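I have placed the structure first, in the form of structure tokens, so that the comments after it can refer back to it.
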Amino acid sequence: RRLTVAQVAYASKAAAALFHWCAGQIKLASALRSSAPVRRQHEDLKQKMKQVSEEKSSHVEEVAKLSKGLVGEEDKVASEQQRIEDAEAELQRILDGALNRRQKELDEAEAKRRAEEEERARKEEEARRKQQEEFDEKRRKMREEEERRRKAEEERRKGPPARLTKVDVVIKQRLEFEKGKAVVDDKNIPALLGVVEIMRDHPQVKVNVEARAGPSDGPDPDFQVRLRQDRAQAVCEWMKDKGGVMLGRLRTSEHLSPLDSTNTTEDWHVRFHVIQEVQIRDRLEFDGASASLRPESMALLDGVAALLTKHQNQIPGITVEGHTCTDGPESWNMSLSQERASSVIEYLSSKGAPCRLEPKGYGVERPLGDNDRREGRLTNRRVEFLVNTN
């Protein structure tokens, strides 16, 4: 049980003083007891502060170490960055060099391509120009030939119904073939070009291609006949294909018997001569698709018969040739041309023509004009009178 101050006051003042002292001690003890947790907390805080300080010092040391290491790393990073920049610069330099070389190569290739294109264009232009010049030259020659034909036709129409042409052109060219062969080789081309040039200069003449073969080509007479035919045909084909000569201006020898074995001294296998012919003033006309002569053509044939009678000593024989265009089947045209030639001979014989007359139908084989054109087809439908000296 606790004593109050009032109760103790009734005691002695000494007791009261002692009581006050004891009470003070009790209060002090009580205060001390109540401050112990604070002191402990204080001690704990001091301990914690000490730990924090130690940790701070440790952290400072670590930060210092890290800072020192970071400075080194920054130096490494800066060095690596510089190395990367140097490598990038070197790579860029290499890349720029490669790009420059590639661009130079492309520029050179483009320049070469342009040069090649310009050269190709120049050659093409030169070829076109040359082709145009050749075309113009052909057109000029065609116009000149057409003009000569027109004038010749006018002269014929003004003259008598028939006339005997003069042979004032001599062809001296000769061809030689390998034994037993009928191939036109290079050594014969100059002579053939000479013949072609003569025919171009004299567009009205017709030329006979006379071929021969002998025992040196083979002992078989039948083979010699075939070889002569083949050689003459090969020459005609060459002159048509390479020389531009119409087949209507070429003939081959009709008498193709083997040569006499004793007559082999001449060193030629093919020779040429201009054919003399009887030219009529106008075309012979027949009824359509037949061999019946029209009345207006009989007057022309009367003139031919009179001419043959007048020159009977100069003309041993006449080959009357019939020609057609390509209208209709080829076999039919061949028969029609033969029938028309025979019809003309029949009429001339009835008029007393004194020379030997031989019909020959060529059909479409000997054209003088282009069968793709109307004028050419009209030119090809004709009858011709060639002097046969054999």
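The values are calculated or read from the model by the stated rules, or taken from the named source; none is laboratory data. Keep in mind it's a predicted model, so treat the numbers as computed, not measured. When we count neighbours, we look across all protein chains shown, and the Cβ atoms used for this are built from the backbone with ideal geometry, even at glycine. When the accessible area is computed, the model is the full protein with side chains, heavy atoms only, and any ligands, DNA or RNA have been set aside. Shrake-Rupley method; radii C 1.70, N 1.55, O 1.52, S 1.80 Å.
Using +1 on the beta carbon of Lys and Arg, -1 on that of Asp and Glu, and nothing else charged, what's the dipole of the chain about the Cα centre, debye to 20?
Result for the chain is approximately 2740 debye, rounded to the nearest 20.
Is region 114-240 rounded, prolate or oblate when judged by the Cα gyration tensor, a ≥ b ≥ c being the square roots of its eigenvalues, rounded requiring a/c under 1.5 and prolate requiring a/b larger than b/c?
Here region 114-240 falls in the oblate category.
Which value, in debye to the nearest 20, describes the size of the charge dipole of region 18-118 about its Cα centre when Lys and Arg Cβ atoms bear +1, Asp and Glu Cβ atoms bear -1, and nothing else is charged?
Magnitude of the dipole: close to 1800 debye.
If the chain between Leu368 and Glu116 were fully stretched, how many nm would it gain, using 0.36 nm times the residue separation less the Cα-Cα distance?
This chain segment gains 86.2 nm when fully extended.
Report, in listed order, any pair from Lys158/Lys242; Lys179/Lys360; Lys141/Lys242; Lys181/Lys360; Lys151/Lys206; Lys206/Lys351 with a Cα-Cα distance greater than 25 Å.
Lys158/Lys242; Lys179/Lys360; Lys181/Lys360; Lys206/Lys351
Between region 303-328 and region 154-198, how many Å separate their Cα centres?
Comparing the Cα centres of region 303-328 and region 154-198, I get a distance of 20 Å.
Between Gln229 and Glu145, how many nm apart are label points set 7 Å from Cα along the C-beta direction?
It is 2.9 nm.
Report the full-extension gain for the segment Arg200 to Glu80: residue separation times 0.36 nm, less the Cα-Cα distance, to one decimal in nm.
Extra length available between Arg200 and Glu80 comes to 33.9 nm.
Would you mind working out the accessible area per residue for the chain, using a 1.4 Å probe, and quoting it in Å²?
Using a 1.4 Å probe on heavy atoms only, each residue of the chain averages 67 Å².
I'd like to compare 228-234, 244-250: which one has the highest average count of other Cβ atoms within 10 Å, and what's the full order after that?
For the peptides 228-234, 244-250, the packing ranking is 228-234, 244-250.
Positive end of the charge dipole of the chain (Lys, Arg +1 and Asp, Glu -1 on Cβ, about the Cα centre): tell me which of Ala64, Ala115, Leu386 has its Cα farthest that way.
After comparing all options, I get Ala64.
Please go through region 172-225 and write out the GluC sites (Glu not before Pro) that DSSP classes as loop and that have at most 13 other C-beta atoms within 10 Å.
Glu176, Glu178
Subtract the Cα-Cα distance of Glu330 and Ser57 from 0.36 nm times their separation in residues, and report this length gain in nm to one decimal.
Here the answer is 85.5 nm.
If we restrict to alpha carbons, what Rg and Dmax does the chain come to, in Å?
64.5, 213
Kindly state, to the nearest 0.05, the FRET efficiency for Arg294 paired with Lys351, given R0 = 25 Å and r defined as their beta-carbon distance.
The calculated FRET efficiency here is 0.95.
Taking a 1.4 Å probe, which of Lys76, Lys240, Lys206 shows the most accessible area, and what order do the others take after it?
Ranking Lys76, Lys240, Lys206 by accessible area, largest first, yields Lys76, Lys240, Lys206.
Going Cα to Cα from Lys104, which lysines come in below 29 Å? Please leave out same-chain ones fewer than 8 positions away.
Partners found: Lys112, Lys123.
Tell me the label-point distance for the pair Asn100, Asp136, using the 7 Å Cα-to-Cβ offset, in nm and rounded to one decimal.
With each label placed 7 Å out from Cα toward Cβ, I get 5.3 nm.
Per the helix-only calculation at 222 nm, which mean residue ellipticity applies to the chain, given -39500 (n - 2.57) for every DSSP H run of n ≥ 4 and division by its residues, nearest 500 deg cm²/dmol?
Theoretical 222 nm ellipticity from helices: -21500 deg cm²/dmol.
Under 10 Å, Cα contacts only: if you run a Gaussian network model on the chain, which one of Ser58, Ser337, Ser297 comes out with the highest mean-square fluctuation?
Residue with maximal mean-square fluctuation among Ser58, Ser337, Ser297: Ser58.
In whole Å, what three semi-axes, largest first, describe the equivalent ellipsoid of region 266-327 built from its Cα gyration tensor (square root of 5 times each eigenvalue)?
Each semi-axis is √(5λ); the values are 29, 20, 8 Å.
Just to be sure I understand the model, the point goes 7 Å from the Cα along the line to the Cβ. What's the resulting Lys27 to Asp186 distance in nm?
If labels sit at Lys27 and Asp186, their model points lie 15.2 nm apart.
Round to a whole angstrom and tell me the spacing of the C-alpha centers of region 333-390 and region 269-286.
When both Cα centres are located, 10 Å separates them.
Rounded to the nearest percent, how much of the accessible area of region 322-390 (1.4 Å probe, protein heavy atoms only) is carbon and sulfur?
45 percent
Could you give the alpha-carbon Rg of region 313-374 over 2.2 N^0.38 Å, rounded to two decimals?
Taking the Cα Rg and dividing by 2.2 N^0.38 Å, one obtains 1.28.
When N is the residue count of region 36-141, what does its C-alpha Rg come to as a fraction of 2.2 N^0.38 Å?
3.33
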